[in-house]
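Data block below; observations after.
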Amino acid sequence: MCHIVHPKRKTKAMHNILLHERRRLSARQMLGACIMTGMPYTKGARFLSLCGTKPPVKSGVMRQQRFCDDKIRRLKSISLMLSRKSFSGYLSIDARWTHRRNSPSCTVTALDDVTKRVLACVNINHIGGNRQHAQYSGASNNMESAGTRIILKQLKKYNILKDVKEIIKDRDNKSVSVFKEFGVSHLERFDPGHVSKNISKDFTKFSASHKTVEVFNDKTQKIEKIERPFWGLNASLSMWLWSCFAEENIDKRTKMCENCVYHYVGNHSFCEPHNYKCFEWQKGV
């Protein structure tokens, strides 16, 4: 006797199969996701499981990786070669750690600040913990200097170190001795984005440690105590910093820095009219 399946039940079964296939990543998609995010397979699979997506089998991803490794290396070499050919002379160096403190790994990248293309990249792994390709045994906060030394050696090898006009780095970079070693210490420049963040962070610490300020009042001839005198100043200070960094004229930028003191004590005769919304802070103290 023939078994007849109801059309609605058959359609629902097909829908469930398609839904299951849609929720499962292929080995190639999983490999691409791991490469783009920097996650290992275990962490990526755990993340997908929490999102309701079934990850592929690890052996399939490893087979796909062996198949793609040569192609990735070849494309990387071509991309680096094209980046070095179109180098503008403005070199930006920055590092990324895997952990905030005592990091076991660090990636140092050199970018062309104009074309935004990668010129060189190096991974520094601390010896220990069965880590592959581990070659560093010093302090974790000096990993950026070790990576910077390797990058400058690569740029010298490819004969583009002599074309560097400026080296843009953050204020926390401790590679001064490395730059002196290669004779490019006079080309150092601080990244405006990092400088603004560092100043904003320092100002937050300063305002937290100065919650009250005593000021002598000329009219009453008494000492007055002001509560939270720097409240709300961080945002306007950051905006002013970015307006300074956006000014290309060095003389005008210097004047803006000098006139900032007059502005915050209440003398606005040196301020330029602008369209920003003004937040009144203190009318001179």
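Worth pointing out:
- Of all residues in the range 168-176, none satisfies being small (Gly, Ala, Ser) and in a helix (DSSP H, G or I).
- Within the range 114-133, considering residues that are part of a loop (DSSP other than H, G, I, E, B) and of a type in the set (S, T, N, Q), the one farthest from Gly183 (Cα to Cα): Asn130
- Residues of the range 211-255 classified as modelled with pLDDT under 80, surrounded by fewer than 10 Cβ atoms within 10 Å (Cβ to Cβ) and part of a helix (DSSP H, G or I), total: 2
Let's see how each residue does on (1) surrounded by 11 or more Cβ atoms within 10 Å (Cβ to Cβ); (2) without any contact (Cβ under 8 Å) to a residue 24 or more places away in the chain; (3) in the same structural domain as Ser105 (by TED's automatic domain parsing); (4) within 30 Å of Thr115 (Cα to Cα):
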| site | (1), (2), (3), (4) |
| --- | --- |
| Gly44 | yes, yes, no, no |
| Phe47 | yes, yes, no, no |
| Leu50 | no, yes, no, no |
| Thr53 | yes, no, no, no |
| Val57 | yes, no, no, no |
| Gly60 | yes, no, no, no |
| Gln64 | yes, no, no, no |
| Asp70 | no, yes, no, yes |
| Arg73 | no, yes, no, yes |
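- Selection count, the range 75-96, where residues are in a helix (DSSP H, G or I), more than 24 Å from Ser145 (Cβ to Cβ) and in contact with a strand residue (DSSP E or B) (Cβ under 8 Å, 6 or more places away or on another chain): 1
- Candidate set from the range 99-115 (those that are among the charged types (D, E, K, R) and exposed (fewer than 14 other Cβ atoms within 10 Å of the Cβ)); member that is nearest to Ser83 (Cα to Cα): Arg100
- Test: Lys180 is exposed (fewer than 13 other Cβ atoms within 10 Å of the Cβ), modelled with pLDDT of 80 or more and under 23 Å from Cys121 (Cα atoms): yes
- In the range 152-171, the residues that are over 18 Å from the mean Cα position of the chain (by Cα) and in contact (Cβ under 8 Å) with a residue 24 or more places away in the chain: Leu152, Gln154, Leu155, Lys156, Tyr158, Ile160, Asp163, Val164, Lys165, Glu166
- Members of the range 53-74 found to be more than 30 Å from the chain's Cα centre (by Cα) and not in a helix (DSSP H, G or I), listed by number: Lys54, Pro56, Val57
- Some residue of the range 8-30 being at pLDDT 55 or above and within 24 Å of Arg96 (Cβ to Cβ): yes
- Filtering the range 134-148 to residues that are over 10 Å from Ser105 (Cβ atoms), assigned to a loop (DSSP other than H, G, I, E, B) and in contact with a strand residue (DSSP E or B) (Cβ under 8 Å, 6 or more places away or on another chain) leaves Gln135, Ser137.
The values are calculated or read from the model by the stated rules, or taken from the named source; none is laboratory data. Bear in mind that the values here come from a model prediction, so they are computed numbers and not experimental data. Here Cβ is always computed from backbone atoms with ideal geometry, including for glycine, and neighbour counts include all displayed protein chains.
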